[in-house]
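Since the structure comes first, as structure tokens, the remarks are kept for the end.
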Amino acid sequence: MPALPRRKFLVAVLGLALAAAAAPMRAEGIHAKRIDLQPREEHYVLVGGFEVQLNDKLEEALKRGVTITFIQEFELERPRDYWLAEGVADATRTLKLSYNALLRSFVLNTAGRLANYDSLPEALAGVGSLNDWAVAERHQIKKKATYRASVRLRVDPSQLPKPLQVSAFASDRWQMDSDWIRWSVKF
């Protein structure tokens, strides 16, 4: 093989390798960002959230008109030395994400409050946001005590249309869960 075509071939292969490396990697799933519990007036609220990236199966279903239901869960408990931990507060919030093909926008329904987004990344940022979610009342918390807070975000496959539920429970492509994120809080 002459030197010139070999050199062109190597340059082309190197160019393709660099292009593949420079392309953004799609990290699908739900990953926690900074999450904290802060006092506000008569409540403690969560601040921060999750980074959500749908896999191909969920994104395709969403764009074809299937509503994806997300569940945000929070638990606050006080550890005890000689007994089980004392449950102080539990909170659950349901978010429904849908696509309106006529308006080409994404709609996020959070407890009856609707928000419209022009792009999927904006809508997923809304799904992952925990900002200002009141999860515990101040009178439930004892001062100078240490608590264990836990939060998670997951897709609820039981809320999918019935024909999709069979494949959702048989395949992990329909399952997304951040797992429990736990941290200690001292008030």
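Only the coordinates and a few stated rules stand behind these numbers; no lab work does. It should be emphasised that the depicted structure is a prediction, and the values quoted were computed from it without experimental measurement. Cβ: placed from backbone, ideal geometry, glycine included. Neighbour counts: every protein chain shown.
Checked against a 31 Å cut-off, the cross-linked pairs K96/K142; K33/K144; K33/K142 give Cα-Cα distances beyond that limit for K96/K142.
With the Cα gyration tensor of the stretch 38-126 giving a ≥ b ≥ c as the square roots of its eigenvalues, does the rule (a/c under 1.5 for rounded; else a/b larger than b/c for prolate; else oblate) give rounded, prolate or oblate? It comes out prolate by the Cα gyration axes. Legend: ranking of residues S105, S178, S184 from fewest to most surrounding C-beta atoms inside 10 Å; resulting order S184, S105, S178.
How much length is gained if the chain between S158 and A145 is pulled fully straight, taking 0.36 nm per residue apart and subtracting their Cα-Cα distance, in nm to one decimal?
The S158-A145 span can extend by a further 0.9 nm.
Sorting W180, W174 from the fewest to the most surrounding beta carbons within 10 angstrom yields W180, W174. Rounded to the nearest 20 debye, the dipole size of the stretch 34-186 about its Cα centre is 220 debye, using +1 on the Cβ of Lys and Arg and -1 on the Cβ of Asp and Glu.
Quick check: from the Cα gyration tensor, does the stretch 34-186 come out rounded (a/c under 1.5), prolate or oblate? Prolate shape, in that a/c is at least 1.5 and a/b is the bigger ratio. For T67 paired with K186, estimate the spin-label separation in nm (one decimal), with each label point 7 Å from Cα along the Cα-to-Cβ line. So the label points at T67 and K186 sit 4.5 nm apart. Rounded to the nearest whole Hz, the Karplus-based 3J(HN,Hα) values (6.51 cos²θ - 1.76 cosθ + 1.60, θ = phi - 60°) of the stretch 31-48 follow the sequence 10, 6, 9, 4, 10, 9, 10, 10, x, 9, 6, 9, 10, 10, 10, 8, 10, x, with x at glycine and proline. Around the amide H of M176, modelled in the peptide plane, lie the amide H atoms of V155, all under 5 Å away and 5 or more residues distant in sequence or on another chain.
Take the Cβ atoms of D172 and A111, set R0 to 41 Å, and the FRET efficiency comes out at 0.90.
Among S119, S150, S129, rank each residue by its count of other Cβ atoms within 10 Å, from fewest to most, as a rough exposure measure.
On the way: S119 11, S150 14, S129 20.
Listing S119, S150, S129 from fewest to most nearby Cβ atoms yields S119, S150, S129.
The loop-placed chymotrypsin sites (Phe, Trp or Tyr not before Pro) in the stretch 48-117, going by DSSP, that have at most 11 neighbouring Cβ atoms within 10 Å of their Cβ come out as Y82, W83.
Since only V66, L76, A123 are under comparison, the one whose Cα sits farthest along the positive direction of the charge dipole of the stretch 49-187, derived from C-beta charges on Lys, Arg, Asp and Glu, is L76.
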